[in-house]
Amino acid sequence: MNTVIFKSASTYLLPLLLLFSVFILLRGHYLPGGGFVGGLIASIAFIIHSAANGLEQTRSILKFHPGVLLLAGLTVALFSGISPMFIGEPFMKGLWFENPVPVIGMIGSALFFDIGVYLVVVGVTLTIIFTITETI
Amino acid sequence: MLIAVLSGFILALSLVITGKWIKGKGAPLVGLFPLALFGYFVSFFPAIMKGESLTFTYEWIPSLGVNLSFHLDGLSLLFCLLITGIGALVFFYTAPYLKEHIYLDRFFGYLSMFMGSMLGLVLSDNIITLFVFWELTSISSFFLIGFNNESEESRRSAMMALSMTGIGGLFLLASMIVLGTVGGSYEISTLLGSADMIKEHENYLWIIGLLFIGAFTKSAQFPFHFWLPDAMKAPTPVSTYLHSATMVKAGIYLLARFTPMLGETVYWNGTLIIIGSITMVYAAIHAVFRLDLKGILAYSTISALGILVFLIGLGTDQALLAAAVFILVHALYKATLFLITGIIDHETGTRDVSKLSGLNKVMLPVGIAGILAAISNAGIPPSFGFVGKDLIYEATLGFETLIWVLSGVALLTNICLMYAGFQAGIKPFTGQLPKAYEKVHLPSPLMWVPPLLLGSLGMVFGLMPFLIDKSLIQAVVNAMIRGGALDVELKLWHGFNLVLLLSGITLAAGFLLYYFLKPSALLEAKTNRWEKLSPKSLTKGLGGIFSGISKLWTGFFQNGYLRYYLIFALTFLTFILAYKLFKETELYINFNDLTGITFYEVAAMVIIAFAVLFTVLTKSRLAAVASLGVVGYSICLVFLFYSAPDLAMTQFSIDTLTVILFVLVIYNLPKYLKLSNQISRVRDGIMSVIFGALISILTLEVLNEPVLKETSQFYAENAYTLAKGKNVVNVILVDFRGTDTFVEITVLAIAALGVYSLLKLQLKSTEKE
């Protein structure tokens with residue numbers, strides 16, 4: 001898969017797809033999308049890049065091991081789950097800010113939960129695929 | 001109260017941090033903690049004395065009826081005092097006994113965990129909580145028995161104890177669930193009210209049968225007794241604490257606790273009397289022929305537990321009183337004997353009773369403790385043991401039937417136990433001191449004061465029974481009797497009667513036996529001839545057969561070939577689906593309900609059909625994978641036609657990733673190989689067609705089933721009002737069922753870690769098996 005077209009395309013596809021995945025993530029509460037699909041799209045972005053430029057290149061862009069994302073995602077999701085408990089509400093109760101934020105829209109604990117899901121999905125996919133690529 | 005119960009666990013956790021200090025200077029101070037708890041429980045004396053009982057309730061899982069409710073009455077108080085009192089002495093004793101052991105801190109951690117579980121067990125009013133603490137005692141005792149984890153034997157006996165008590169625990173859980181369902185409550189105090197109803201219920205036999213197995217395994221009753229002598233591999237403080245005073249008595253506690261609720265039926269009393277008498281005689285005779293001090297004590301403990309089961313089985317007020325007293329008597333003298341055994345072992349390095357004698361010349365206080373304990377064990381006046389033994393004889397003589405059989409059994413047991421007690425408590429300290437032990441010296445007072453204290457208490461309570469009869473024993477007995485209001489007065493001297501005669505016979509026979517029968521290896525060997533028929537060997541044989549079968553089973557089903565796993569799973573599914581579909585449902589397709597076929601759908605179907613054909617026929621793996629991807633994408637299209645964009649998006653990404661994964665794996669395989677032969681291909685083809693057809697039929701049949709719309713309607717209506725979202729699918733995922741999603745992403749993370757560690761694990765060739 002060592003073609004110039006694929007290589008140059010992947011350089012532009014990576015940021016575009018990542019942006020798109022975030023878009024999908026954010027619109028999830030109102031329109032088709034969400035953390036799971038968003039995470040899958042983001043992983044595909046990285047995988048395309050690694051297929052074109054080699055794993056090392058992608059790793060150097062990512063800077064850290066994808067396993068870190070597992071931890072980060074679980075922490076974010078857990079924290080969004082327990083945050084209502086600090087103000088005496090039950091676990092996982094949705095909390096929302098009253099006014100929407102420009103571009104993003106409504107912000108609430110469910111959004112952070114979805115971000116957690118997004119991160120975990122990216123972490124899982126990349127960990128599995130990178131590991132397999134390396135060992136084969 | 002909650003803090004008192006949990007403090008054991010908190011201390012165990014805190015040792016992670018303070019471990020270093022504990023191992024050094026802090027060791028003797030850890031004992032202050034159970035001592036403080038002992039003081040705390042003593043403070044309840046006035047209330048219990050007045051016949052009151054205290055309840056403390058904390059909600060835990062209210063939706064399942066599981067509460068942390070604690071109930072303190074006479075019976076629990078007696079056990080709490082034993083647990084914390086003997087616990088404190090054992091903690092003090094451990095400090096010098098395991099001095100400079102590298103895992104001393106762990107040992108204290110396990111001990112305090114165990115203490116907390118025991119306290120929770122005897123205080124729980126909720127039967128589910130009771131079961132949880134019951135299991136915790138099994139688990140912490142596993143760590144304690146296997147404390148010398150470098151010795152294979154000690155590991156094996158820990159496993160044995162865990163499996164025996166663990167199996168018992170499962171039976172107990174089953175019993176508790178049936179009991180809770182029958183009685184309509186999981187609180188013992190509420191269940192007591194419906195005792196008559198429970199006893200007449202058709203499931204009554206299940207309840208007590210399962211309960212008995214739980215209690216008998218824990219309290220080492222015949223034929224489950226064999227784990228206890230094996231558990232003696234543990235350091236002596238453990239044997240003292242777990243296997244004489246507390247854990248093995250948990251089964252007794254259970255029986256005593258449920259006597260007012262489940263007792264007084266032929267099944268209850270009959271079973272307990274039979275099992276109790278078999279255990280007490282069998283173990284007492286075994287105890288006579290042991291040479292290892294700990295072996296003697298183990299068997300005499302089993303025998304004593306048998307006596308307790310037997311007494312609870314008799315079930316008369318007299319017998320229950322005898323049981324209450326005997327619990328205390330036995331705990332006092334048996335803990336003493338274990339502690340001095342530990343000292344002897346620690347100082348001389350042997351526990352062989354035939355080699356030990358004359359040690360009183362070098363360790364007098366220990367000898368005094370031993371003799372006091374032996375006296376109480378034998379029931380020589382004026383010890384507390386004498387009071388206890390009189391009560392036992394009174395109970396057997398006062399029973400309705402079979403008086404002479406029951407008394408004879410008790411007499412035989414007591415004679416053997418007296419002999420065993422003399423072997424353990426007197427034999428090592430009298431006679432000639434062997435040259436080898438002349439240099440033996442007295443250990444630290446932390447070691448010899450506890451047994452001396454316990455031994456003397458056995459004397460004090462005997463001389464002054466009024467100290468505890470009204471204050472403690474009365475409350476204990478009344479907790480075991482339904483609506484109990486028995487007035488207890490313990491006396492040392494009852495005048496000349498039949499009971500005294502039986503006591504006299506016991507003593508005379510015991511002395512004669514001690515005088516004539518000297519311990520010898522020959523005699524011990526003779527008893528071992530029957531080992532082949534013992535429950536232990538039989539269970540082991542059964543275990544061997546079991547593991548053999550499981551090996552065959554695993555070898556057949558888990559053979560490491562992915563295709564066979566798939567074949568097994570699919571065949572099973574096919575059979576079960578086909579059975580359900582053709583046997584129990586009427587197959588029909590309602591063509592009227594189906595919508596018309598559109599042009600796009602036909603197009604998608606044609607693409608799918610061609611892709612599938614190509615996948616099957618192609619000779620290149622990569623092409624097969626790619627065409628599978630085409631199938632996936634076409635299915636996405638179908639999802640889109642039926643307005644499920646979420647599903648389509650996800651399926652689309654997943655398919656992409658699957659193809660990438662396949663390519664990654666397959667890319668490096670050799671280009672072309674025909675691996676499977678014609679026959680297996682045909683077999684796989686037939687299986688796939690059948691399975692696919694079944695799934696299609698199933699899908700069509702599902703349409704005929706009435707669908708519950710309430711759930712989906714609820715989500716559709718409330719997605720925006722409750723969760724401020726318009727995409728119902730996503731709202732369900734992140735809000736309504738958020739906890740599920742959280743568990744799912746955790747599972748995903750674990751799977752990723754699993755793949756990572758499996759592929760990255762580079763075993764050295766020596767580590768591979």
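The values are calculated or read from the model by the stated rules, or taken from the named source; none is laboratory data. Model, not experiment: these values are computed from the prediction. Please note: Cβ atoms are built from the backbone with ideal geometry, for glycine as well, and neighbour counts cover all protein chains shown. When the accessible area is computed, the model is the full protein with side chains, heavy atoms only, and any ligands, DNA or RNA have been set aside. Shrake-Rupley method; radii C 1.70, N 1.55, O 1.52, S 1.80 Å.
Count neighbours as other Cβ atoms within 10 Å of each site's Cβ, and list the chymotrypsin sites (Phe, Trp or Tyr not before Pro) in the range B:102-176 that are DSSP loop with at most 16 such neighbours.
The qualifying sites are B:Y103.
Of the cross-linked pairs B:K199/B:K491; A:K7/A:K63; B:K361/B:K389; B:K233/B:K427; B:K199/B:K389; B:K23/B:K233, which ones have a Cα-Cα span greater than 27 Å in the structure shown? Walk me through the numbers before you get to the answer.
Values: B:K199/B:K491 36 Å; A:K7/A:K63 20 Å; B:K361/B:K389 32 Å; B:K233/B:K427 22 Å; B:K199/B:K389 32 Å; B:K23/B:K233 23 Å.
Correct reply: B:K199/B:K491; B:K361/B:K389; B:K199/B:K389.
Summarise the accessible area of the range B:41-171 (1.4 Å probe, protein heavy atoms) by the percent that is carbon and sulfur.
62 percent
How much of the pair distance distribution for the range B:710-769 lies past 16 Å, counting alpha-carbon pairs only, in percent? Please list the in-between numbers first.
Numbers: 1076 of 1770 pairs.
More than 16 Å apart: 61 percent of the Cα pairs in the range B:710-769.
Sequence gap at least 6, Cα distance under 8 Å: using those rules, report the relative contact order of chain A to the nearest whole percent.
Once divided by the residue count of chain A, the mean separation gives 28 percent.
Provide the solvent-accessible area of A:E56, counting protein heavy atoms only and rolling a 1.4 Å probe, rounded to the nearest 10 Å².
Approximately 130 Å² for this residue.
Using +1 at the Cβ of each Lys and Arg and -1 at the Cβ of each Asp and Glu in the range B:290-519, identify which of B:V488, B:L472, B:L291 lies farthest towards the dipole's positive end.
Most positive-ward Cα: B:L291.
At a 1.4 Å probe, which residues in the range B:625-658 are at least 40 Å² less accessible with all protein chains present than in their chain isolated?
Relative to the lone chain, where solvent access is computed with a 1.4 Å probe, the range B:625-658 loses at least 40 Å² at B:M649, B:T650, B:S653, B:L657.
How much area per residue is accessible in the range B:290-519 when the probe is 1.4 Å and only protein heavy atoms are counted (Å²)?
Counting only protein heavy atoms, the per-residue value for the range B:290-519 is 35 Å².
Rounding to the nearest 20 debye, state how big the charge dipole of the protein assembly as shown is about its Cα centre with +1 on each Lys and Arg Cβ and -1 on each Asp and Glu Cβ.
On the way: 54 positive and 51 negative charges, 624 e Å.
In debye, rounded to 20, the protein assembly as shown gives about 3000.
Using alpha carbons only, how many angstrom separate the centre of the range B:433-507 from the centre of the range B:198-256?
For the range B:433-507 versus the range B:198-256, the Cα centre distance is 23 Å.
What net charge is computed for the residues neighbouring B:F224, neighbours being all others with C-beta under 11 Å from the C-beta of B:F224, Lys and Arg scored +1, Asp and Glu -1?
Counting the neighbours of B:F224, the net charge comes to +2.
Given a Förster distance of 41 angstrom, what is the FRET efficiency for B:I654 paired with B:M49, based on the Cβ-Cβ distance and rounded to 0.05?
Taking R0 as 41 Å, the efficiency between B:I654 and B:M49 is 0.05.
In the range B:1-150, with Lys and Arg counted as +1 and Asp and Glu as -1 at Cβ, which of these residues, B:V16, B:L98, B:L121, has the Cα nearest the positive end of the dipole, that is, farthest along it?
Of the candidates, B:L98 comes out farthest on the positive side.
Given the protein assembly as shown reduced to its alpha-carbon atoms as identical point scatterers, what log10 I(q)/I(0) does the Debye formula return at q = 0.05, 0.07 Å⁻¹?
For the protein assembly as shown, the Cα-only Debye profile gives -0.44, -0.76.
Rounded to whole Å, give me the distance from the Cα center of the range B:147-190 to that of the range B:257-321.
Rounded to whole Å, the Cα centres lie 20 Å apart.
Provide the solvent-accessible area of B:K619, counting protein heavy atoms only and rolling a 1.4 Å probe, rounded to the nearest 10 Å².
140 Å²
How much accessible area per residue does chain A have, counting only protein heavy atoms and a probe of 1.4 Å, in square angstrom?
49 Å²
For a test of understanding, tell me how many lysine pairs in the range B:617-729 have Cα atoms under 24 Å apart, given they are 8 or more places apart or on different chains.
Values: B:K619/B:K671; B:K619/B:K674; B:K709/B:K724; B:K709/B:K726.
Summing the qualifying lysine pairs gives 4.
Based on DSSP H runs of at least 4 residues, each adding -39500 (n - 2.57), what is the mean residue ellipticity at 222 nm of chain B after dividing by all its residues, to the nearest 500 deg cm²/dmol?
Result for chain B, helices only: -23500 deg cm²/dmol.
What 222 nm value per residue comes from the helices of chain A, counting each DSSP H run with n ≥ 4 as -39,500 (n - 2.57) and dividing by all residues, nearest 500 deg cm²/dmol? Each step should come with its number before you reach the end.
Values: 5 runs with 98 residues, N = 136.
Using -39500 (n - 2.57) per qualifying helix, the result is -24500 deg cm²/dmol.
Taking every eigenvalue of the Cα gyration tensor of the range B:530-621, multiplying by 5 and rooting it, what semi-axes result, largest first, whole Å?
For the range B:530-621, the semi-axes come out at 52, 23, 7 Å.
Using only the Cα atoms of the range B:1-119, build the gyration tensor, take square roots of its eigenvalues as a ≥ b ≥ c, and label the shape rounded, prolate or oblate: rounded if a/c is under 1.5, else prolate if a/b is larger than b/c, else oblate.
The shape class here is oblate.
Do you know the relative contact order of the range B:161-228, to the nearest whole percent, from alpha carbon pairs under 8 angstrom that are 6+ apart? Could you put the intermediate results ahead of the total?
Details: 62 pairs, mean separation 31.3, N = 68.
RCO, the range B:161-228: 46 percent.
Return one whole number: the accessible area per residue of the range B:710-769 in Å², for a 1.4 Å probe.
70 Å²
Residue by residue through the range A:24-39, what is 3J(HN,Hα) from phi via Karplus (6.51 cos²θ - 1.76 cosθ + 1.60, θ = phi - 60°)? Round to whole Hz and write x for glycine and proline.
4, 4, 6, 7, x, 6, 10, 10, x, x, x, x, 5, 5, x, x
Ballpark to the nearest 100 Å², how much total accessible area do B and A bury together, probe 1.4 Å?
3500 Å²
Using the Cα centre as the reference, give the magnitude of the dipole from point charges on the C-beta atoms of the range B:115-264 (Lys, Arg: +1; Asp, Glu: -1; all else neutral), rounded to the nearest 20 debye.
Computed about the Cα centre, the dipole is about 300 debye.
Give the residue from B:A436, B:S676, B:W448 lying farthest towards the positive end of the charge dipole for the protein assembly as shown; charges sit on Cβ (+1 for Lys and Arg, -1 for Asp and Glu) and the dipole is referred to the Cα centre.
Of B:A436, B:S676, B:W448, it is B:A436.
Given that compact globular proteins tend to follow 2.2 N^0.38 Å, what is the ratio of the alpha-carbon Rg of the range B:589-672 to that value?
1.30
Expressed as a rounded percentage, what relative contact order does chain B have, with Cα pairs under 8 Å and six or more residues apart?
Once divided by the residue count of chain B, the mean separation gives 10 percent.
Checking the cross-link filter: which aspartates and glutamates have an alpha carbon closer than 13 Å to that of B:K540, excluding same-chain neighbours under 8 positions apart?
B:E531
Per 10 Å bin from zero, what fraction in whole % of the C-alpha pairs of chain B is there, up to the bin with the longest pair?
Over chain B, the share of Cα pairs per 10 Å bin runs 2, 11, 19, 19, 14, 11, 10, 8, 5, 1, 0 percent.
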